[in-house]
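Bear in mind that the values in this text are calculations on the coordinates, not laboratory data. A quick note: this is a predicted structure, and the numbers were derived from the prediction, not measured. FYI the Cβ positions are ideal-geometry reconstructions off the backbone, even for glycines, and counts take in every protein chain you see.
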Amino acid sequence: MDQELPEPEPDERVTSREQDAVRLLLLIDGACEGVSNADRADPGLETAVGVVRTQVRLQKLDFWLRNPDYLADELLTKHESSGEARLLELAGQILDSEEPEVRSYPMLRYHFGAYEPLDDALAVLRSAGLVARRRRGTVARVRQHDYFLLMPGRTVAREMIRQAPAFQYYVDRIGLVLDLADGRGGSQLKKQQYLQREYAEAARGDRIGSVSTRARARLAQLRRQAAGEDIETGEHG
């Protein structure tokens, strides 16, 4: 279920409306699932090419996109459970760089986890005819928001990437985020993110703190373990 939450004070914002609009357009483009003929029968959705269902899912995917340190730490967790060396390498690419410092945009902690108001950024996309939002429920109680990517939105997203290769960063990170999400819904992703101490213990209304120091220490330990295993198995060359 979606939850309407209060807007933070203006000086708490850490990204501009335009930055959020670009990031959300690329996220919706990358994360959307197919739409049905019934969806397209809704006025305004005739050109819909995909949909992200529920605000909770969009917010939780955006959390990992906005917080590379949390994304890297989740990659380490998945590496520990799967043994995939590629995941350790991907986490290292993030944590060995300044990405957690220069690319992080912390989110607020509210009653149901990480949250950041999307209305301003979505208004930019909706007014340009790139994205449409549909509410499910009643006038008195909205149960769910669905975010539809329209054909012009897909065209603009792909054109942005073509004209400004720097946006490929988001495309690459969205791919990692979706691999971690593994098709799970918003509530399941919320439970996963609550396993992080810094996330769960943040006071309501405060920004969720970084895990970069802990994640880098964890990365170093896992690398030592991997190096030791290679030596033991004679794979060190």
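Look at where the Cα atoms of segment 118-183 and of segment 39-110 average out, and the two centres are 13 Å apart.
Exposed loop sites, defined as GluC sites (Glu not before Pro) outside DSSP H, G, I, E and B with at most 13 other Cβ atoms within 10 Å, are absent from the longest region of the chain, namely 99-234.
Less than 5 angstrom separates the built amide H of residue 206 from those of 109, all sequence-distant by 5 or more or on a different chain. Measuring r between the beta carbons of residue 220 and residue 86 and using R0 = 22 Å, the FRET efficiency lands at 0.75.
Around the Cα centre of segment 123-199, unit charges on the Cβ atoms of Lys, Arg, Asp and Glu (plus for the first two, minus for the last two) sum to a dipole of about 500 debye.
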